[in-house]
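Shown next, in structure tokens, is the structure this report addresses.
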Amino acid sequence: SPAAGLDLFEGDILLPKNQNGLRDPTRRWTFPIPYILADNLGLNAKGAILYAFEMFRLKSCVDFKPYEGEETYIIFQEFNGCWSMVGDQQTGQNLSIGRGCDYKAIVEHEILHALGFYHEQSRSDRDEYVNIWWDEIISGYGHNFNTYNDSIITDLNNPYDYESLMHYAPFSFNKNENVPTITAKIPAFDDIIGQRLDFSTIDLERLNRMYNCTATHTLLDQCTFENLNICGMIQGTRDDADWTHERGDSPGQEDHTLVGQCKEAGYFMHFNTSSGKTEEAALLESRILYPKRKQQCLQFYYKMTGSPLDRLIVWVKRDDSTGNVRKLVKIDTFQGDNDYGWKIGHVTLREEVKFCYLFQGTRGDPQNSNGGIFLDDITLTETPCPRGVWMVRNFSQVLQSTAKGDMLLSPRFYSSEGYGYGVTLYPHGRNSTSLSGYVGLTFQLYSGENDAILEWPVENRQAIMTIVDNDPDVIQRMSSSMVFTTSKDHTSSAINNSNIWDRPSIVGTYEKSCDCYRSISFGWSTIISHKQLQKRSFVKDDTLVIFVDFEDITHLKKTEVPVTRARRSSSGLILQSHELRTSQEDSRTVTSEEDQPGSLDARPQRHKRSVENTGPLEDHNWPQYFRDPCEPNPCQNEGICVNVKGMASCRCASGHAFFYTGERCQAMQVHGSILGMMIGGAAGTIVLSTAFIYMLSKRMPSQADF
């Protein structure tokens, strides 16, 4: 551990004297936070970090920028495990995303530490909400469950949060595999504490309160139509008819926001297509919006219960270069069909100046229509739209009619480069897991129309698979997202040790449903529990929504930039080394597995753990390859790592003029006889995260998954 030999708060936090953590305003960041992605990070970790950045930008005023010589910054590196300092150290600081830590929620957890947050169960009122089973804690680790008064940490006047991303999980530091060390006073929360999905509502309240956030960076607009002012949208004045604001609490007329579950609540916009004349239209126009980026994603839910000839058209009205928003451009059209359920729509916009968006409903055949067009839950963000969207209908019936190992294949999607891909859903998990009550999800390539000109094997592409929490407020969504990056080392004995990301027509298996070839699948046997699906809005209108993207991140291979040597700190001049650790490949060699295909059964979930699998570093479920704390060497600047009682201790190099100090020999200082003055560095605060992860599987199947 980089914190070897230190007296740690909560077992993972070093508090210098006279420092109160997040009560100290000098430890709070000014945005945007400069960052460096060191090249010793795996490629997948770099992508996961940038993905987490986007979550902060969407849900808070926190922002990040590439380092350009600033005095304070964060260097993301790969050391042993996942850990962070607490607050802005004002001299530059490390944040470790080690092997097995490259998940959105774990990166978010570490960044929250860097922003000044401690673990939830450290609060002084903790014992009113959870039980600590002291006899079940590993000997010598009880201090991890200490509480601290308000002079050390503050809750920012928020209630205790069982759902916090910063809360310990039930089996943290447990002696016995099946016995928890921390449980909730309200048993229903035992399956919630330690969640690693996303920020909780209270996490965001605290973050935004601490930093006085009044707006986010990438959320432009959202509307559920719950209020009479319909979010400031206006009816067209040159059209033939109007949209109507209706309540969705009657059978057959349920809204999407509340799905008809609340009486006298739950509204949507409706355009009746069963009367009037063919081609009559109604327009609904948003307020004027001011973009900051050059790309936006308009997401909305709609259903069309009238004629298949009915149309829902999305327009944009742009600034005409004179300051007037009047230039109309048609963007996309959605046609009626025989599916009368709520659907999710996505439209990519590329607006750079002020604009508004419009929905046009058009009557296609009133004589043969018995319904109309419904519109609800609009969200406009300055983020890319998902390229793959799969709506699994009648999901409750799917759960009842399937067993462990049964699977459903998604349609084929195409990436921006033209690669065909999809996912496989296991409603009860894959056969390779002993756990029950979980959903599994894996990724595979499909052969497609562009294969002849594409690059094979397809490496350095990051797959992002998301089971969507359909909360109408995008800020409150806690979707389950997992990422991995294709590698030359992903091979399988089932295809003579060939790369599984080679052309599917060569290494794949014929799939009748798409009349194409499907590669071996790669992913997670268990990604989210059935209980978690029920507790939030994952299954809405009895539909499970899955997003999947597949994008090239080769450009992230070389991201490291040199650090300017001279840095100022409150305690004097400190010379920060610009040499970070050498690059390491993000390789996960895959070998044969008799039961199932490619599996990454390393999820930021709460799982049982015994003392035999416990390493010396904080409260993770550490895999066995972390048992040597000096592999890889955490010491910088040619420092020598020594294993001291299972923890890493750095022996720093020294020359005639300069010597290195710090827990990892990261700071270069001048000998007093040379400079004639004391040169010191600000004391750091180190946090090792509560990630609760399993070891990434290095095994692949001996047969294809079909």
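State the dimensionless ratio Rg/Rh of segment 489-555 (Rg: radius of gyration of Cα atoms; Rh: Kirkwood radius). Please list the in-between numbers first.
Details: Rg = 16.5 Å, Rh = 15.2 Å.
Taking Rg over the Kirkwood Rh, I get 1.09.
Please compute the net charge surrounding G508, taking Lys and Arg as +1 and Asp and Glu as -1 over other residues with Cβ under 9 Å from its Cβ. Display every interim value, and only then the final one.
Details: positive: R503, R518; negative: D502, E511.
Overall, the nearby charge balance is 0.
Kirkwood Rh and Cα-based Rg: tell me the resulting Rg over Rh for segment 120-210, rounded to two decimals.
On the way: Rg = 13.2 Å, Rh = 13.7 Å.
Computed over Cα atoms, the ratio is 0.97.
What dipole magnitude, in Debye to the nearest 20, does segment 219-381 give about its Cα centre under +1 on Lys/Arg Cβ and -1 on Asp/Glu Cβ?
Details: 19 positive and 24 negative charges, 154 e Å.
It comes to approximately 740 debye.
Can you list the lysines whose alpha carbon is less than 26 Å from that of K292, not counting same-chain residues fewer than 8 positions off?
Straight-distance partners of K292: K46, K59, K65, K104, K317, K327, K330, K354.
Answer rounded, prolate or oblate for segment 40-118, using the Cα gyration tensor with square roots of eigenvalues a ≥ b ≥ c: rounded when a/c is under 1.5, else prolate when a/b is larger than b/c, else oblate. Could you put the intermediate results ahead of the total?
Working: a/c = 1.34, a/b = 1.14, b/c = 1.17.
Because its axes are fairly even, with a/c under 1.5, segment 40-118 counts as rounded.
Using a 10 Å cut-off on Cβ atoms, rank the peptides 511-517, 307-313, 117-123, 255-261 from the highest mean neighbour count down. List each step's numbers first, then the result.
On the way: 511-517: 14.4, 307-313: 19.4, 117-123: 24.1, 255-261: 21.6.
The peptides rank, most packed first, as 117-123, 255-261, 307-313, 511-517.
Aspartates and glutamates within cross-link reach of K343: Cα-Cα under 14 Å, excluding same-chain residues under 8 positions apart?
Result set, ordered by chain and number: E254, D255, D376, D377, D541, D542.
With unit charges on the beta carbon (Lys/Arg positive, Asp/Glu negative), name the residue among G341, G364, G323 whose Cα is farthest towards the positive pole of the charge dipole of segment 318-394.
G323
Values in this text are rule-based calculations from the coordinates and carry no lab data. This one's a predicted model, so the numbers in the text were calculated from it and none came from an experiment. Glycine also receives a Cβ, built like all others from the backbone with ideal geometry; neighbour counts cover every protein chain displayed.
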